[in-house]
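J.: The structure's right below; bear with me while I get my questions together.
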Amino acid sequence: MPVPYGVACQPAALQLAHGRPMSQATQQELLIFTLTNVSGTGCDLRGYPGLALLTAAGRLLPFHVRWGGDEMLTSTRPVLVPLAPGGTAYLGINKNACVRHYYRAAHIFQVIPPNDYQALSYYKPGGPILDYCRAGDPGHTVDVSPVEPTLFDVLSLNLTGGSR
């Protein structure tokens, strides 16, 4: 296990990117994101990131955000993730597909690193989107994983068959 650096990663030291596409269970919308340390010094992340989802025009969509696991994301407690310069951490967001008709779509993903307040934004035309469902629809809730050291750790142990 890597040795902690003893200093929290600041948003200016991190770059948010869309991770590789993942196979999803039926009726699930799973997205993986990465946080890469683009600074010249190591830093640590631990915990759940903040999340805001916006339309392409920048309008906040009032999803219900829930931190913890679901059928696609890990339910394990957050761990310390030391990030060397150039190192990458992973996080996942997942939601049910809309049961009724979707209202709008999230195109802009704002992620706040754990224990911070400044958001990092990700938007790519034609990139990942999440359909927005109104309150009362199972797809109104977005589950968020903790920041993890590997993609494998982000996924539910039910999917990977592993243990920590």
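Each value in this text was obtained by applying a stated rule to the coordinates, not by laboratory testing. Small disclaimer: the values here were computed from a predicted structure and weren't measured. All Cβ positions, even for glycine, are placed from backbone atoms using ideal geometry, and neighbour counts span all protein chains on display.
J.: Mind listing P(r) for the range 1-43? All alpha-carbon pairs, 5 Å bins, whole percents.
T.: Bin by bin from 0 Å, the calculated values are 5, 19, 19, 17, 14, 11, 10, 5, 1.
J.: Here is a further query. Within the range 79-142, which trypsin sites (Lys or Arg not before Pro) sit in a loop by DSSP and count at most 15 neighbouring Cβ atoms inside 10 Å? Intermediate results must be reported in sequence, preceding the final value.
T.: Numbers: sites: LYS95, ARG100, ARG104, ARG134; in loops: ARG100, ARG134.
For trypsin sites (Lys or Arg not before Pro) across the range 79-142 that sit outside H, G, I, E and B with at most 15 neighbouring Cβ atoms in 10 Å, the list reads ARG100, ARG134.
J.: Average the reciprocal distances over every distinct pair of alpha-carbons in the range 11-154, invert the result, and give the Kirkwood radius in Å.
T.: Computed over the range 11-154, the radius equals 15.3 Å.
J.: Take the range 1-90, drop everything but the C-alpha atoms, weight them equally and run the Debye formula without solvent; then report log10 I(q)/I(0) at 0.20, 0.22 Å⁻¹ to two decimals.
T.: With one equal scatterer per Cα and no solvent, log10 I(q)/I(0) is -1.14, -1.25.
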